[in-house]
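The values are calculated or read from the model by the stated rules, or taken from the named source; none is laboratory data. None of these values were measured; they are calculated from a predicted model. Cβ placement follows ideal geometry from the backbone for every residue including glycine, while neighbour counts extend to all protein chains displayed. Remember, those area values only see protein heavy atoms, side chains included, never the ligands or the DNA or RNA. Shrake-Rupley method; radii C 1.70, N 1.55, O 1.52, S 1.80 Å.
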Amino acid sequence: MAVGVAWYAFSAPPVENLPLGAELIAASSRDGRALLLASPSKTDHGQLEPFLLPQKRRAFCGPATGAAVINAALGPQPRVNQSTLFSPAVRAIKSELAVSFAGLTLEELARVLRAHGLQVRIVHAENTDLASFRTAAQATLSEPHTFLVANYDRRGLGQSGAGHISPIGAFSPATDRLLVLDVAAHKYPYAWVPVSRLWDAMNTVDADSGRTRGYLLVTTAAPHE
């Protein structure tokens, strides 16, 4: 039993290539490419894209997202990967072993990013609303060196799984959609998601933290309150 559990936690996730939920548009489709081309708020896509790698373990959506954001935000440096992310300061927050079994909560990922020198504002869905999220997303995705990370329940998007973390790359005001740069490439492609659907998926309770999910606003400078 223990051997099987360890194998499950540490092995690479199998390729599934599942169909996207209803109302979601694959970023690689003709419509998806057109949305990115027309988006006035896509700075983060260009910053993140060179550093995005699929999560290497089933519970590593947080480390995969964190590594991409750290590298995009801090620029030239020894690049962080999903293993070297676990510096001594990060291991004091949660070990690689523990994350392999249980993943990261929104607060834990914020602490990991702060341990790498970034400024992070945590926003739980219970403390805000859809309109405020949309405004924050549009502003963040238009600015260099600022990033938006979403923690949501996949079931709210009609997808397989439960809690998940991925960065957001762009906003389409014409269609009111956000581009979710899904780090679980073995399951789903990057997708344009209606803002209201993503909001509802974030406005769910994370059993590990006992709080609603939500999002992080990450920057290299002190965040605005």
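Classification of the range 64-129 by its C-alpha gyration tensor yields an oblate form. The axis ratio a/c (a ≥ b ≥ c) is 1.5 or more, and b/c is at least a/b. Between amide H atoms placed 1.01 Å from N, distances below 5 Å from THR204 occur with ARG213, all of them 5 or more places distant or on a separate chain.
Around the amide H of ASP182, modelled in the peptide plane, lie the amide H atoms of TYR190, ALA191, all under 5 Å away and 5 or more residues distant in sequence or on another chain.
Work out from phi, with θ = phi - 60° and the Karplus expression 6.51 cos²θ - 1.76 cosθ + 1.60, the ³J(HN,Hα) of each residue of the range 172-178, listed in order in whole Hz, and give x for Gly and Pro. With coefficients 6.51, -1.76 and 1.60, one gets 10, x, 5, 10, 6, 10, 10 Hz. Each Lys and Arg contributes +1 and each Asp and Glu -1, all at the Cβ; summed about the Cα centre of the range 19-144, the dipole is approximately 400 debye. Sorting the Cα pairs of the range 164-221 by distance into bins of 10 Å, from 0 upward, gives 21, 46, 32, 2 percent per bin. Farthest towards the positive end of the charge dipole of the range 20-157, among the residues VAL123, ALA67, LEU148, is the Cα of ALA67, using unit charges on the Cβ of Lys, Arg, Asp and Glu.
Of the residues LEU48, THR84, ALA98, the one whose Cα sits farthest toward the positive end of the charge dipole of the range 38-124, with +1 on the Cβ of Lys and Arg and -1 on the Cβ of Asp and Glu, is ALA98.
Based on DSSP H segments of at least four residues, each scored -39500 (n - 2.57), the chain has a per-residue ellipticity at 222 nm of -10000 deg cm²/dmol. Placing one equal scatterer on every Cα of the chain and applying the Debye formula, the log10 ratio I(q)/I(0) at q = 0.07, 0.10, 0.11, 0.15 Å⁻¹ is -0.19, -0.40, -0.49, -0.95.
Between GLU96 and ARG114, full extension at 0.36 nm per residue minus the direct alpha carbon distance yields a gain of 4.8 nm. For the range 139-146, putting each phi into the Karplus relation 6.51 cos²θ - 1.76 cosθ + 1.60 with θ = phi - 60° gives couplings of 5, 5, 6, 9, 10, x, 6, 10 Hz, in residue order, rounded to whole numbers and with x for Gly and Pro.
Phi angles across the range 22-35 convert, under the Karplus curve 6.51 cos²θ - 1.76 cosθ + 1.60 with θ = phi - 60°, into 3J(HN,Hα) values of 4, 6, 8, 10, 4, 5, 7, 6, 4, 5, x, 5, 5, 5 Hz, Gly and Pro given as x.
Whole angstrom only: what separates the Cα centroid of the range 83-97 from the Cα centroid of the range 105-131? When both Cα centres are located, 18 Å separates them. Accessible area per residue of the chain at 1.4 Å probe, in Å²? That works out to 45 Å² for each residue. When all protein chains stay in place and ligands, DNA and RNA are ignored, the 1.4 Å accessible-area order of THR84, THR204, largest first, is THR84, THR204. Taking every alpha-carbon pair within the range 35-151, the share separated by more than 16 Å comes to 62 percent. With each label modelled as a point 7 angstrom along the Cα→C-beta vector, the ASP176-ASP208 pair spans 3.2 nm. Split the accessible area of the range 2-159 by element, probe 1.4 Å, and carbon with sulfur accounts for 58%. For the range 118-225, the percent of C-alpha pairs falling in each 10 Å distance bin, counted from 0 to the bin holding the largest distance, reads 15, 50, 32, 3.
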